[in-house]
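Let me begin by presenting the structure, written as structure tokens, before commenting on it.
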Amino acid sequence: MHEVTFADISAARKRIASYVRKPDLMTSALLNHWLGHEVLFKTECLQRTGAFKLRGALNTLLHARQQKQSIHRVVASSSGNHAQAVAYAASLFHIPVTIFSAQNISKIKAAATRSYGAELRLFPLRDEADLAVEQAAQEPGTLWIPPFNHPDVIAGQGTVAAEIFEQTSDVNALFMPCGGGGLASGSLIAARHNSPQTKVIACEPLAGNDAAQSLRLGSIQRLTTPAKTLADGAATPAIGEHTYPLIQQLDGFYEVDETPIAYWTQWLQHLLKLHIEPTSAMSMHGVVNFLAKQNTPQKVVVILSGGNIDAQKMQQIWQDDHLIHQPSLPSVPLASVI
């Protein structure tokens with residue numbers, strides 16, 4: 001099994017440089033005042049296709065082309081953002097692409113995937129989609145781009161953090177969501193190389209906490225039922241053998257209930273004036289619990305992983321008004337899994 005290194009991330013940056021945006025860091029003076037710390041946001045929600053996933057998809061496809069692989073078709077399984085990323089990446093090179101997904105895929109993500117020319121095959125359960133893509137990948141000339149469990153995908157996602165450490169310095173902690181763990185894994189590698197003192201902390205929906213269970217039990221655990229969470233971008237059934245060893249090395253890992261996911265989605269959309277997915281906003285619950293334990297002013301960066309939300313999800317997010325409660329640090333912070 002290939003161990004991803006920072007050299008892989010550096011190579012990925014060169015491959016994808018002309019195809020991806022390099023989003024700026026943003027901040028909210030009001031939020032910083034309320035929390036008493038500096039919080040910066042890496043706006044991957046402004047990335048092409050609306051999420052960081054494009055980086056890993058492009059790196060995998062471009063690396064395969066560099067290695068002179070014969071690619072007649074690209075396949076992937078995804079709940080949405082990875083589907084769009086793979087479809088867009090394949091369309092750049094006019095390669096037919098088929099995406100396998102569960103029927104509960106976000107409507108806006110499904111529409112965007114089809115708009116890039118992909119064939120979208122839907123299955124009742126995510127596990128069925130994953131099995132179907134594995135079978136399709138056996139056909140000659142087919143390139144399978146997994147959503148997270150692949151060295152090239154991890155290296156591609158690691159380019160987000162590599163950029164962050166060029167855009168700012170003296171970062172005390174870096175936060176991101178965890179679904180399958182590709183972004184968290186790549187971020188860890190980039191942070192350990194560029195800023196070893198920076199803590200790398202991930203957050204996962206409590207309703208889909210397969211990674212947290214895996215960390216507690218010491219082996220990869222798989223959800224027995226589909227995760228029902230606002231953070232659909234982190235609703236993967238299990239992390240992978242490539243990401244699990246890196247997830248174990250994180251400095252913190254928080255499980256987040258649905259109410260704080262909705263709360264922070266509303267507040268970040270309001271404060272930053274950006275279209276931000278619940279999966280992205282979820283990390284702020286980890287941020288405030290981390291900051292509540294600190295005795296000195298901190299500088300933290302949050303990766304806003306995506307911004308693709310359909311109308312139904314927006315209605316769920318805004319069914320209660322959370323803006324009546326001003327953000328603050330909890331008096332009794334949660335302990336992280338790690």
Practice task
Could you tell me whether Ala234 is under 19 Å from Phe148 (Cα atoms), among the small types (Gly, Ala, Ser) and touching a helix residue (DSSP H, G or I) at 6+ places or on another chain (Cβ under 6 Å)?
Solution key: yes
Practice task
List every residue pair whose Cβ atoms lie under 6 Å apart, where the two residues are 6 or more positions apart in sequence or sit on different chains, the first residue falls within the stretch 87-112 and is closer than 18 Å to Gly56 by Cα, and the second residue, located anywhere, is of a type in the set (Asp, Glu) and not in a helix (DSSP H, G or I).
Solution key: Thr98/Glu119
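With the stretch 57-141 as the region, which strands (runs of 3 or more DSSP E) entirely inside it contain at least 2 residues that are touching a Pro at 6+ places or on another chain (Cβ under 8 Å)?
Qualifying strands (runs of 3 or more DSSP E): 73-77.
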Exercise for the section: Residues being touching a residue at least 60 places away in the same chain (Cβ under 8 Å), farther than 17 Å from Ala184 by Cα and either not polar (S, T, N, Q) or not assigned by the TED database to the domain that holds Leu122 (or both): count how many of those fall in the stretch 53-81. Expected result: 11
Completion exercise
For Pro330, the lone unmet condition from (1) in the same structural domain as Glu204 (by the TED database); (2) open to solvent by 10 Å² or more (accessible area, probe 1.4 Å); (3) not aliphatic (A, V, I, L, M) is (1)
Handout entry: Residue match in the stretch 288-306 (condition: assigned by the TED database to the domain that holds Thr168, more than 15 Å from Leu35 (Cβ to Cβ) and in contact with a Cys (Cβ under 7 Å, 6 or more places away or on another chain))
Key = yes
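Do we have any residue at all in the stretch 87-97 that's touching a Ser or Thr at 6+ places or on another chain (Cβ under 7 Å), open to solvent by less than 10 Å² (accessible area, probe 1.4 Å) and at pLDDT 95 or above?
Checked the stretch 87-97: at least one residue is touching a Ser or Thr at 6+ places or on another chain (Cβ under 7 Å), open to solvent by less than 10 Å² (accessible area, probe 1.4 Å) and at pLDDT 95 or above.
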Exercise for the section: Kindly indicate whether His33 is over 25 Å from Tyr88 (Cα atoms) and either touching a helix residue (DSSP H, G or I) at 6+ places or on another chain (Cβ under 8 Å) or open to solvent by less than 20 Å² (accessible area, probe 1.4 Å) (or both). Expected result: no
Fill in the blank from the handout: Residue set Ser115, Ser101; condition of a type in the set (S, T, N, Q) and surrounded by fewer than 16 Cβ atoms within 10 Å (Cβ to Cβ); output residue Ser115
Practice task
Give the stretch 9-23 a look and list any residue that's assigned to a helix (DSSP H, G or I) and under 19 Å from the mean Cα position of the chain (by Cα), or say none.
Solution key: Ile9, Ala12, Arg13, Ile16
Fill in the blank from the handout: Expected output for the stretch 114-125 (first residue assigned by the TED database to the domain that holds Gly80 and charged (D, E, K, R), partner assigned to a loop (DSSP other than H, G, I, E, B) and open to solvent by 70 Å² or more (accessible area, probe 1.4 Å), Cβ below 9 Å, 6+ apart or cross-chain) is Glu119/Pro96
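Do any strands (runs of 3 or more DSSP E) lying entirely in the stretch 195-313 carry at least 3 residues that are open to solvent by less than 10 Å² (accessible area, probe 1.4 Å) and hydrophobic (A, V, I, L, M, F, W, C), and which ones are they?
199-205, 299-304
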Practice task
Taking the options Asp130, Asp152, name whichever one is of a type in the set (Asp, Glu), surrounded by 18 or more Cβ atoms within 10 Å (Cβ to Cβ) and in contact with an Asp or Glu (Cβ under 9 Å, 6 or more places away or on another chain).
Solution key: Asp152
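The values are calculated or read from the model by the stated rules, or taken from the named source; none is laboratory data. As the structure is a prediction and not an experimental result, all values here were calculated from the model. A quick note on method: Cβ atoms are made from the backbone with ideal geometry, for glycine too, and the neighbour counts reach across all protein chains shown. Accessible surface is based on the protein model in full, side chains and every heavy atom, while ligands, DNA and RNA are left aside. Shrake-Rupley method; radii C 1.70, N 1.55, O 1.52, S 1.80 Å.
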